Structure formats: C-alpha cells, structure tokens
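Have a look at this one.
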Amino acid sequence: MFDSVPPRVVKAAQCLVLLALGFMLAGLSLNGTGVFDTGRSDAERVIQAVGFLPLICYCTAIGLVALAFGALGRGEAVDQVVARLLVRLGICLVAGGALRVFGEPWLIRLIIDRPWPVAHFDVAAIALATVGVLLILLAGRLREAAHMRAELDGIL
C-alpha cells in the first residue's frame, strides 16, 4: 500500500468528484420539479417523492468520496481513510439498493393505500447493494492488514 498521494492529484480528484456531485444534484432538482406541480394528482407526487429516497443515499456516497479525498489531502493515513470510506460507501449503497427494491414499494403502498408491487426488481439497485456488502467486508480485511502492517513495522 502506498503511504501518501500527491496533493495535486488529491485536489484534482476531489474537484472532479464535487463536479460530478453538482451535476447529479442539478439533475435531481430538475427532475424533482414535478413533486411541486399542482396539476398532478397527490398519488403521482408521492410516487415521485418516494423515488428520490434512494438517490439521497447515492448522493451521500459521492459526497463521502469527496470527503475522503479531503482527508487524504490533509495527510491522513491512506489505509485508515480507505477503510473508513469503504464502510461508509457500503452502507450508503446497501441502503440505497434496499430503499429502491423494498422501501419504495412499501412506502407507496402505505402512503397512497392502493395495490402496489411488493418489490421492484431493479437489477442496478440489487447490484449496487451487493457491491456495498462487498465493500463493507473488504473494509474489515483492510483494517486487519493495516493493523498487521503496523505491527510488523513496530518489530522491524
């Protein structure tokens, strides 16, 4: 594992991630205008509003990547920053996937009180949730490896 990342690389990566987050938030705000449209029925507005819940998790994940680059830029240990990032990213991806597949249909069923599917078979959301579980598991292994490395460095 490498001990440091060149500051200019970290700053450039952080700027690109923040730019991507800005575009994503701009797109969400443009797509979200239907929630406040008075010409739509309440059920349509609820369905659209509930559909934004997973996107909050995904935007948070992108923001966490930007925060991790900031921590690297401040000189924090790479293995600690990456392990912390992997856990947080994993949680965001699992939460977003679960909200998309199970949360949306059940919330819509509860709020608008009409028949609705039990789950959305959304392959992308299921894949993201699976990757999130993998990231959480990898973070534990990365922490163990960092601990062993520190132990070996102490011996040598």
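The values are calculated or read from the model by the stated rules, or taken from the named source; none is laboratory data. Predicted model, so just to flag it, every value in this text is computed and none were measured. Positions of Cβ are backbone-derived with ideal geometry, glycine not excepted, and every protein chain shown enters the neighbour counts. Side chains are part of the model used for accessible areas, which takes the heavy atoms of the whole protein and leaves out ligands, DNA and RNA. Shrake-Rupley method; radii C 1.70, N 1.55, O 1.52, S 1.80 Å.
I'd like the GluC sites (Glu not before Pro) in the range 63-156 restricted to DSSP loop residues with at most 16 other Cβ atoms within 10 Å, sorted by number.
Sparse-neighbourhood loop GluC sites (Glu not before Pro): E76.
Extending each Cα 7 Å along its Cβ direction at V9 and A119, get the distance between those two points in nm, one decimal.
4.1
How large a share of the accessible area of the chain, in percent, is made up of carbon and sulfur atoms when the probe is 1.4 Å and the other protein chains stay in place?
Of all accessible area on the chain, carbon and sulfur atoms account for 70 percent.
Can you give the calculated 222 nm mean residue ellipticity of the chain, where each DSSP H run of n ≥ 4 adds -39,500 (n - 2.57) and the sum is split over every residue, rounded to the nearest 500 deg cm²/dmol? Walk me through the intermediate numbers first.
On the way: 6 runs with 119 residues, N = 156.
-26000 deg cm²/dmol, from helical runs alone.
Which one, L64, G154, L25, is farthest towards the positive end of the dipole of the chain when Lys and Arg carry +1 and Asp and Glu -1 on their Cβ?
L25
Sequence gap at least 6, Cα distance under 8 Å: using those rules, report the relative contact order of the range 3-156 to the nearest whole percent. Walk me through the numbers before you get to the answer.
Details: 166 pairs, mean separation 38.7, N = 154.
This gives 25 percent for the range 3-156.
Here's something else I'd like to know. Tilt of helix 7-31 relative to the longest C-alpha principal axis of the chain, in degrees (0 to 90, nearest 10)?
Approximately 10 degrees, to the nearest ten.
Which Cα, out of A77, L138, Q14, lies furthest along the positive dipole direction of the chain (beta carbon charges, K/R +1, D/E -1)?
Q14
When ligands, DNA and RNA are left out and all protein chains stay put, how many square angstrom of accessible area per residue does the chain have with a 1.4 Å probe?
63
A145 to R45: FRET efficiency via 1/(1 + (r/R0)^6), r the Cβ-Cβ distance, R0 35 Å, to the nearest 0.05?
The value I calculate is 0.10.
Label the range 18-109 by shape, choosing from rounded, prolate and oblate, from the square roots a ≥ b ≥ c of the eigenvalues of the Cα gyration tensor; if a/c is under 1.5 it is rounded, and otherwise prolate applies when a/b is larger than b/c, oblate when it is not.
oblate
Based on the inverse mean of 1/r over its pairs of different Cα atoms, what is the Kirkwood hydrodynamic radius of the range 45-91, in Å?
The Cα-based Kirkwood calculation yields 11.8 Å.
DSSP loop chymotrypsin sites (Phe, Trp or Tyr not before Pro) in the range 65-152 with at most 13 other Cβ atoms within 10 Å of their Cβ, which ones?
When the chymotrypsin sites (Phe, Trp or Tyr not before Pro) of the range 65-152 are filtered for loop state and at most 13 Cβ neighbours within 10 Å, F121 remain.
With the radius of gyration and the Kirkwood radius both derived from the Cα set of the range 76-156, what is their ratio Rg to Rh? The partial results should precede the final answer.
Values: Rg = 18.6 Å, Rh = 14.6 Å.
Ratio value, two decimals: 1.27.
Taking θ as phi - 60°, what are the ³J(HN,Hα) couplings along the range 85-93 by the Karplus curve (6.51, -1.76, 1.60), each to the nearest whole Hz, with x for Gly and Pro?
5, 4, 5, 5, 4, x, 5, 4, 5
May I ask for the Rg/Rh ratio of the chain, computed from Cα atoms with Rh as the Kirkwood radius, given to two decimals? Could the numbers behind the result be given before it?
Values: Rg = 19.8 Å, Rh = 17.8 Å.
For the chain, the value is 1.11.
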